[in-house]
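Before any comments, here is the structure.
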Amino acid sequence: MSQAQETHSKTRRKIALVTGAGARVGQAIAVELARAKFHVCLHYHQNKSGAQDTQKYIEDLGGTAQLFQADLRQASACQDLIRQVSLAVEHLDLLVNNASLFSPVAFEQLDLTVWQEMFSLNLQAPFLLSQGFLNHLKQAQGLIINLCDIGAERPLRGYAHYSSSKAGLIGLTRALAVELAPAVRCVGISPGQVAWPPGYTNAQREKLAERIPMKKGGTPEDIAKLVRFIMLDAPYINGAIIPVDGGLSCRY
Ligand SMILES: NC(=O)c1ccc[n+]([C@@H]2O[C@H](COP(=O)([O-])OP(=O)(O)OC[C@H]3O[C@@H](n4cnc5c(N)ncnc54)[C@H](OP(=O)(O)O)[C@@H]3O)[C@@H](O)[C@H]2O)c1
């Protein structure tokens, strides 16, 4: 990069795409990036009103955001999203692959359709989006952040398809960190419990919290602050898979 290009890249407004930005972790990441003065492209699948809420929070902060809909299980929808975002913004500094499926199926009942659906969203979509936005990310000396899971390496019963897809995502993260640097960094974040699954009872929460060394679950904001830190304050972090789990993955 020439000195003039470097000065321009430091002064121009940064742009991020966050998938699954209508609720929970994705929403917190999008809002935190807006606080850091990013323009945020908000992807959603079904939760349009949630994505509109995210946009509203961002506008209330004085920021800007745009909405994009896509079912990322479909390769063609990933390509459409890449086209739409590329038309809407002139560059992309940060891609956050956050959208994910998480639902238990006992291994004996696991069929190929469910397996493939899980892999399409959790692994194929991050692959396609990373590749589709690569030129943008290269020009911006950008960053890809993949939302992984401590359960990739310490699986929960009933989640063979989910854990395997997240283990694949860790593999993809490390592979891209090797292949795309120094132009583009790629980093994984592995949450423990940061947003409770819908329907989790207080008793279930307390039982899990008891196992966590910090004696409590984390929050979506814990993830969002780390995304901001990796992007803006930690330019030498590349290829790391960073647990945010209150120490849960350290114990057996
Ligand atoms: N929550 C935790 O404590 C925890 C723990 C470990 C790892 N993680 C990881 O952290 C990330 C965020 O967690 P979360 O709990 O906030 O996630 P989540 O609520 O389970 O899902 C995030 C988003 O994925 C989107 N999504 C679902 N199906 C989709 C499809 N077919 N196409 C496109 N998008 C689709 C949904 O968008 P719509 O709502 O718009 O349909 C949803 O908002 C995930 O990657 C998750 O695996 C979370």
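Taken together, the values in this text are just the output of simple stated rules run on the coordinates, not laboratory data. This is a predicted model, so every value here is computed, not measured. Positions of Cβ are backbone-derived with ideal geometry, glycine not excepted, and every protein chain shown enters the neighbour counts.
Some values worked out for this structure:
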| read-out | value |
| --- | --- |
| Extension reserve of the residue 69-residue 251 stretch, reckoned as 0.36 nm per residue once the Cα distance is removed | 61.6 nm |
| Reciprocal of mean inverse Cα separation for region 109-252 (Kirkwood radius, Å) | 16.3 Å |
| Positive dipole terminus of the chain, leading residue within 129, 226, 46 (C-beta point charges) | 226 |
| Per-selection Kirkwood Rh - the chain (Cα, Å, 1 d.p.) | 18.5 Å |
| Top of 62, 192, 171 by mean-square fluctuation, Gaussian network on the chain, Cα under 10 Å | 62 |
| About the Cα centre, charge dipole magnitude for the chain (Lys/Arg +1, Asp/Glu -1 at Cβ), debye | 440 debye |
| Binned Cα-Cα distance frequencies in region 72-150 - 5 Å width, integer % | 3, 15, 22, 22, 16, 10, 6, 4, 2, 0 |
| Local electrostatic count at residue 98 - Lys and Arg +1, Asp and Glu -1, tallied over other residues with Cβ under 13 Å | 0 |
| Computed magnitude of the charge dipole of region 120-252 (debye, nearest 20; Cβ of K, R +1, Cβ of D, E -1) | 220 debye |
| Pairwise Cα inverse-distance average, inverted: Kirkwood Rh of region 168-252 (Å) | 14.3 Å |
| Region 102-190, relative contact order in percent, only Cα pairs under 8 angstrom and at least six apart counted | 38 percent |
| The chain - percent relative contact order, Cα under 8 Å, separation 6 or more | 18 percent |
| Hits among lysines - C-alpha to C-alpha of residue 216 under 24 Å, sequence gap 8 or more where chains match | 166, 207, 225 |
